[in-house]
Amino acid sequence: MPVVELKVDRNLVHSDFAGYKLTFDPVPVLRQEHEYEAYAVQPSSNQFSLLHTELFAQHNHLVADPWMRHCSYFFNNRHQLVQCNYDLQTGNARAQRVVLTVDYNDQGDEELHRPGDYNYTIVFVSERFCVICDGMTSYHLVDTGDRSRTGVQEWERITRSPVNNNSGNRGFALFDARLDVLQERKQISLVAGHVARRDAVGPDQTHVYYMDLTWARWTHSPTKNEWSYNICQRLETTGSLHYCAFEPRADSLVIASNHDVQTPEERRAADEAAAARLNSPDDHDGQLENGGPPSYSWSQTDDNVLICFNVPSTASAEEFDVSGSNTTVVVKHLDEVIFTEELYASVGDDLSAFKLAENGLELSLTKGGDSELATFACAGEDDVPEEEHPIQDPPLTIPNLQDPVEECDLISADEEIKMVRFNLTSGSITHTVFLGPPPLVLTTTLRPGFPAAFSTRQGVDASIWLQMYQPSRPDEWSVRHEGQLHAFGYVQASKDVRKFTVCSPDLDYVVICDPVRYLLIYFPSRSPADGLRRRNGPPVTLGKQNFITLDDAIEEILGITTANNVITILSNRELVRLQV
């Protein structure tokens, strides 16, 4: 399987960027109240997993039109889709208009959202079509007409299709949709997710939550003027979904997650293999292979250390031999080494004080020298209790812009994020990008009709990447370095409270938005820093940082969109526009 490398374009990286300077320049604010409050579904009591929390917490209720970035949409509590337009000529907001009302007469149960359903999700696939997932069971394909017209618009629903009746699931979120014209036929590809639960394999867990992805297509018949719907593929992952987007022509789906992405067949085969291993007898049950993970537990007093090893229940004391020195311990069972480790602190030379007990083989060691107050553990053990350290670790120093990002250093390498390209024709993963432990900084739409771009941390910067696809060579796939947000990786990692992170389509500014009323706006464009220079170096350049505090009346920020000079913020009662 080819591994795709993220190749940084050095022409986009500026080493003379020295950070951001706080500015107090005024930002004009336009406020517009809703006729009806914005609609937001809250998680039910059964939606408590990490996947549920991420799906609801990161949901953006305000959606920008990629073909008209100054125009945004949201659903109100009457299930009406509201258009919010900003006039570039006058610099004022136009009156909000209802362009579509979701009809529930054809839902079958004649009910609105139930506990366990998701919010509305919207994707504009062209200048004339958009796809709406109602958060329950259905897709709605809508003909919007010419959205650039300023007159009254009557949007028309063309067709409605169930996401996946065969799955028996209710509650879906639309992650991506794409319109392509293939052989003079319109084709709309869709991928939606449902957080499902299944029984776990193994004694550690009783059940597992996973993201069930349904890949489907609408195909238009020009002769009958009808849209046919069919399901192409289902995929699963137990990890967080950081990115999910089609490539051009939608022959492949690109997914980024911290766990593996599998088909249901692959997952069932893996579960059956795991169950077979658990049920099969093991001649070395309870033994520890040399070099494997330590299968032991330990406790200590001021004078002694007690280590308990997991051993076969049929073993006798005569079968074991314990040897070593005052800094190492070696345990053998029937001349086979089942444990060998180096100790943090020295102990006495007598290693004969061991016995078999109900919980395993117990080895008692006497602390030696100045080890009475020292934390005792094996040198390879990482989970030393924090309260047992007599000396506190030195505080983490704040690095400069040339040092690694703080948050990146604290993320476990076991949670490495991979981006994979799943090809529908081959039914398998064809390409992989290893993104590392840090989560993506943001995802954004830079140009209409293109797949969503994603941003990763590259040192202290944030790099913007875009999928590259050549129809003449479908087996080749890569990503291109599209832009650079100078020092923003360092900035974003230092913010503990953040709900939305978005940027303008021209990458002129980036916004970090908290859940309530604070916005941090960063302008990474290069500008001279009042003639400052490094010693024997080039002039210093700085970006600008604006700190915006919204009104106390805003209880929660539900959504945000960006245009090249306007930021639009959605709350439950009003719309706020910042002219930047």
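The values are calculated or read from the model by the stated rules, or taken from the named source; none is laboratory data. Note that this is a predicted model, so its numbers are computed, not measured. Neighbour counts run over all protein chains shown; Cβ positions are idealised from the backbone, glycine included. Side chains included, ligands, DNA and RNA excluded: accessible areas come from the protein's heavy atoms. Shrake-Rupley method; radii C 1.70, N 1.55, O 1.52, S 1.80 Å.
The translational diffusion coefficient of the range 147-188, from Stokes-Einstein at 37 °C and 0.692 mPa s with a Kirkwood hydrodynamic radius over alpha carbon pairs, comes to 232 µm²/s. If you take all other residues with their beta carbon under 13 Å from the beta carbon of residue 320, and give Lys and Arg +1 and Asp and Glu -1, the sum is -4.
Over the range 157-275, what portion of Cα pair distances is larger than 23 Å, expressed as a whole percent? Within the range 157-275, distances greater than 23 Å cover 37 percent of Cα pairs.
A simple count of charges around residue 561, restricted to other residues whose Cβ falls under 11 Å of its Cβ and scoring Lys, Arg +1 and Asp, Glu -1, yields +1. Each principal axis of the Cα cloud of the range 296-366 was evaluated for its coordinate range; sorted largest first, these ranges are 33, 23, 17 Å.
Per the Debye calculation on the range 34-258 with a single equal scatterer at every Cα and no solvent contribution, log₁₀ I(q)/I(0) for q = 0.15, 0.17 Å⁻¹ amounts to -1.07, -1.34.
Each pair of Cα atoms in the range 57-104 enters the Kirkwood radius, and Stokes-Einstein at 4 °C and 1.567 mPa s then converts it into a translational diffusion coefficient of 110 µm²/s.
For the range 43-58, 3J(HN,Hα) computed residue by residue from phi via the Karplus equation (6.51, -1.76, 1.60; θ = phi - 60°) reads x, 8, 5, 8, 9, 10, 6, 4, 5, 5, 4, 5, 5, 7, 5, 9 Hz, glycine and proline entered as x. Each Lys and Arg Cβ is given +1 and each Asp and Glu Cβ -1; about its Cα centre, the range 296-366 then shows a dipole of about 100 debye.
Largest to smallest in accessible area, the residues 267, 147 fall in the order 267, 147 (1.4 Å probe, all protein chains included). Each listed q (0.16, 0.19 Å⁻¹) maps to a log10 I(q)/I(0) for the range 120-190, found by the Debye formula over equal Cα scatterers with no solvent: -0.60, -0.81.
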